[in-house]
1. Within the stretch 1-41, which residues are charged (D, E, K, R) and assigned to a helix (DSSP H, G or I)?
2. Any chance you could count how many residues in the stretch 5-53 are more than 16 Å from residue 123 (Cα to Cα), hydroxyl-bearing (Ser, Thr, Tyr) and in contact with a strand residue (DSSP E or B) (Cβ under 7 Å, 6 or more places away or on another chain)?
3. Starting from the stretch 36-50, keep only residues that are buried (at least 20 other Cβ atoms within 10 Å of the Cβ), then list their pairs with residues that are among the hydroxyl-bearing types (Ser, Thr, Tyr) and not in a helix (DSSP H, G or I) whose Cβ atoms are within a distance under 9 Å, requiring at least 6 positions of separation or different chains.
4. Any chance you could count how many residues in the stretch 42-55 are part of a helix (DSSP H, G or I) and at pLDDT below 90?
5. Taking residue 100, is it in a strand (DSSP E or B), at pLDDT 90 or above and of a type in the set (A, V, I, L, M)?
6. Within the stretch 22-29, identify whether any single residue is in contact (Cβ under 8 Å) with a residue 12 or more places away in the chain, more than 15 Å from residue 69 (Cβ to Cβ), aliphatic (A, V, I, L, M) and surrounded by fewer than 20 Cβ atoms within 10 Å (Cβ to Cβ), and answer yes or no.
7. Mind listing whichever residues of the stretch 1-17 are basic (Lys, Arg) and surrounded by 17 or more Cβ atoms within 10 Å (Cβ to Cβ)?
Amino acid sequence: MRFSLALPRDALSIPVVRRVTGEALRGLGVAEDCVDDLLVAISEACTNVIEHARANGDYEVTGHVDDGTCMLKIMDWGRGLRSAPPEPEALSESGRGIKLMRALVDDLDIDSAPDRGTVVHLRKRLTWRDGALVRRLDRSLIPNAG
């Protein structure tokens, strides 16, 4: 399963990303706690684009589920990170997004370059509900594969 969205850099786009991503994962039979982790992580990445990209225009979100793993990519064409973000202060309400994303997914990778933008890669091994569509598809395809 793959999806791709081009969205305006506007806070109103985040619920759209959450809805598309959540419904796609739930439709495949991904366990709700796993969906929740991915939705928080992708929301944080999209929020960072909207707050920090320093560029007008769109950003892109792509999703790919293959072999029991979800890979999400969030891309903007801003100025890129100038340096590693500072550690948030103990009572700060902002600056925790990267730490939160790291805690919720198996792999977080951020590629950033001046005047080329930033790409956030999120990867998480999926857990499934009983009777998940993907498991039923896998079972029906295996006997025919030989």
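The values are calculated or read from the model by the stated rules, or taken from the named source; none is laboratory data. Source: prediction; values computed, not measured. So basically every Cβ, Gly included, is an ideal-geometry build from the backbone, and we count neighbours across all protein chains shown.
1. Once the filter is applied, which keeps residues that are charged (D, E, K, R) and assigned to a helix (DSSP H, G or I), the stretch 1-41 yields 18, 19, 23, 26, 32, 33, 36, 37.
2. 1
3. Pairs found: 46/59; 48/118; 49/59; 49/118.
4. Residues meeting the conditions: 2.
5. So residue 100 fails the test.
6. Scanning the stretch 22-29 turns up no residue that is in contact (Cβ under 8 Å) with a residue 12 or more places away in the chain, more than 15 Å from residue 69 (Cβ to Cβ), aliphatic (A, V, I, L, M) and surrounded by fewer than 20 Cβ atoms within 10 Å (Cβ to Cβ).
7. 9 - this is the single residue of the stretch 1-17 that is basic (Lys, Arg) and surrounded by 17 or more Cβ atoms within 10 Å (Cβ to Cβ).
Matching residues to (1) of a type outside the set (Val, Ile, Thr); (2) surrounded by 11 or more Cβ atoms within 10 Å (Cβ to Cβ); (3) at pLDDT below 65:
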| residue | (1), (2), (3) |
| --- | --- |
| 57 | yes, yes, no |
| 69 | no, yes, no |
| 75 | yes, yes, no |
| 85 | yes, yes, yes |
| 93 | yes, no, yes |
| 96 | yes, yes, no |
| 113 | yes, yes, no |
| 116 | yes, yes, no |
| 146 | yes, no, yes |
